[in-house]
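The values are calculated or read from the model by the stated rules, or taken from the named source; none is laboratory data. The model shown is predicted, which means the values in this text are computed figures rather than measured ones. Reconstructed Cβ throughout: ideal geometry from the backbone, glycine too, with neighbour counts over all protein chains shown.
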Ligand SMILES: Nc1ncnc2c1ncn2[C@@H]1O[C@H](COP(=O)(O)OP(=O)(O)OP(=O)(O)O)[C@@H](O)[C@H]1O
Ligand SMILES: [Mg+2]
């Protein structure tokens, strides 16, 4: 197992630089109720075409840290992730049962507004998907939708979000250029800036480094470590080393089932289930 950077509460030895917390970039989310997990999942099942493709009896996701969802391909980690902002509903013939509490409110309750959910729980996908618009428009989109009209305020939001993802220095002179002209690595960071521009509390990360080269992947990982000071991050990854480097807690999925979860170092050092041990030691995926 690769060592992961020392984080608060971790006894693992640092081998990677830890990005310091950002200062004065994006507005901090409202203070949450003390002691409550950001997400509390129970009896969650996603059923597609009459078949249960993902079941998670119970999982709490603490606020202000990175929780990794690990498992081999087809394990259900993306389906679980997408259940946290009701994205599975976009598939026809798919239904979800059970409970997903966000700060104590069930996001599957009809009374929970979908727009509020999507603003509070942003998502980054394996392949960057910027809009075919300018760099500026990609980031300004969320504040515009939220009703921000003052040009100076929009400019400030765009700058703070691009700074938050380390892109301001290289992109400031090119804000009116097309986002699709950027490299994959820049596009993925731009998409992260676009997510941050909606002022979320949670960012879901589905294999965010999947199309990045190793250097760009490490840069994005460092960025995520810095962002975890301020946001709750949930990372679906097939890469157990990445989970070890980044996460405080980890949940292991296999064949559409949440097998077990624990603090990452406990899961890696003392897995309770032999299937978890088999995956972590490289015998699956
Ligand atoms: N659109 C879909 N239609 C039907 N079944 C699907 C669909 N997407 C995923 N599944 C099934 O749901 C299960 C979980 O898939 P999921 O994508 O969540 O796994 P994963 O761990 O993220 O793996 P990968 O990232 O390699 O796709 C799998 O059995 C898969 O076949
Ligand atoms: Mg996946």
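So that you can scan it fast, the table gives a plain yes or no per residue for (1) surrounded by 22 or more Cβ atoms within 10 Å (Cβ to Cβ); (2) part of a helix (DSSP H, G or I):
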| site | (1), (2) |
| --- | --- |
| 193 | yes, yes |
| 198 | no, no |
| 209 | yes, no |
| 215 | no, yes |
| 233 | yes, no |
Under the condition of being away from ligand 2 (no atom under 16 Å from the Cβ) and outside any loop (DSSP other than H, G, I, E, B), which residue from the stretch 246-258 is surrounded by the fewest Cβ atoms within 10 Å (Cβ to Cβ)?
249
Considering only residues that are in contact (Cβ under 8 Å) with a residue 24 or more places away in the chain and over 19 Å from residue 226 (Cα atoms), look in the stretch 159-175 and name the one that is surrounded by the most Cβ atoms within 10 Å (Cβ to Cβ).
171
Is it the case, given these coordinates, that residue 144 is over 23 Å from residue 65 (Cβ atoms), in a helix (DSSP H, G or I) and either in contact with a strand residue (DSSP E or B) (Cβ under 8 Å, 6 or more places away or on another chain) or modelled with pLDDT of 95 or more (or both)?
yes
Odd one out for residue 112 among (1) closer than 20 Å to residue 63 by Cβ; (2) within 20 Å of the chain's Cα centre (by Cα):
(2)
Please state which one of 129, 88 is part of a helix (DSSP H, G or I), under 17 Å from the mean Cα position of the chain (by Cα) and within 16 Å of ligand 2 (Cβ to nearest atom).
88
Boolean, residue 243 is within 16 Å of ligand 2 (Cβ to nearest atom) and assigned to a loop (DSSP other than H, G, I, E, B):
no
